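Participant: I have a structure here, written as structure tokens, and I will follow up with some questions on it.
Throughout, read-outs are computed from the coordinates displayed, never taken from laboratory work. Please read these numbers as outputs of a predicted model, since none were measured by experiment. When we count neighbours, we look across all protein chains shown, and the Cβ atoms used for this are built from the backbone with ideal geometry, even at glycine.
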Amino acid sequence: MELFIGITLAEARKQKKISLKKISQDTNISVKYLQALEEENFRIFPAEVYLKGFLRSYGQYLNLDTAQLLQAYELQHGQPASGNIITKDKTLAAPASSRRYWLLALTGLLLIILVLVLHYR
């Protein structure tokens, strides 16, 4: 089941009857960014690290599962930051770019070993 980040945040906030202004004062996150999270307007953030930090802080403030919010963001908007992700339904493999990196690193290591063996013969 897909988690809608913005709806989850907005509904939790409204259920607790807390204004964006109050949350902004308590978390030191601009109302502009809180609203962007609720609208899933992620392009407004200067960097992904800010987006994830604000999402985590906002989720904690509302007593939501922040790991689930961040995982939903990563699944919907980019590559997972850490290898395989396990969901209820299946395990998602590590991104292809990660596999390519390890294959390239292994090939380079084998070439270095070959050069050393040939050199010391």
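Participant: Where does each of 69-77, 106-114 land if you order them by average Cβ count within 10 Å, highest first?
Facilitator: The most tightly packed comes first, giving 69-77, 106-114.
Participant: Counting Lys +1, Arg +1, Asp -1, Glu -1, what net charge surrounds LYS14 among other residues with beta carbon under 13 Å of its beta carbon?
Facilitator: In short, +2.
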